[in-house]
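K.L.:
Right, I'll just put the structure down here and ask away after.
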Amino acid sequence: METLLFWIFALVGVGCAGLVVLHRNPMSSAIYLVATMLCLAGLYALLAGPFVAVIQVLVYAGAVMVLMLFVIMMLNLREETLQREGSLMAWLIAGLVGLVLVVAVIPPFPQTPVGTPPSTFGTIEEVGRKLFTVYMLPFELTSVLLLVAIIGAVILAKRRTF
């Protein structure tokens, strides 16, 4: 049953991620991104990380996507700005970058199963300990990145009103 759920979440997630990139309408792309994040939360739940799965749904599929939808609506893109120019060179560069990313993610040797995770794996205490010790710098950089994105959205919104 777990294998079937894995393949369902994986295929739907990859399909929705592809639709995020290929769809012209930014609102539809954002909805497909929500579906991708929900599939990712399902994969986290299958990996015995219920806390991470719930946080994925609450924070990313919920709060961050509401913020992104707000920015998309604030930009109020016209139909003529959504037209693609689809040159062959742009498609080749995008394909090359995608291929490089896929090759970078695939491990160079087959992975062997490690065994059962420790009993503290995925608990709130363990996630908090790792977040504020080992991953403190990426956590703070992410908060600065989100702050810059919010400031940029406010500047873009003010520029359109004056």
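The values are calculated or read from the model by the stated rules, or taken from the named source; none is laboratory data. This one's a predicted model, so the numbers in the text were calculated from it and none came from an experiment. All Cβ positions, glycine included, derive from the backbone under ideal geometry; neighbour counts span all protein chains shown.
K.L.:
Does residue 60 satisfy being farther than 25 Å from residue 118 by Cα and outside the structural domain of residue 131 (by TED's automatic domain parsing)?
P.N.:
Here the answer is yes, as residue 60 does meet what is asked.
K.L.:
Mind listing just one residue for me: the one in the range 53-88 that is within 18 Å of residue 22 (Cβ to Cβ), of a type in the set (A, V, I, L, M, F, W, C) and surrounded by fewer than 12 Cβ atoms within 10 Å (Cβ to Cβ) and, of those, modelled with the lowest pLDDT?
P.N.:
82
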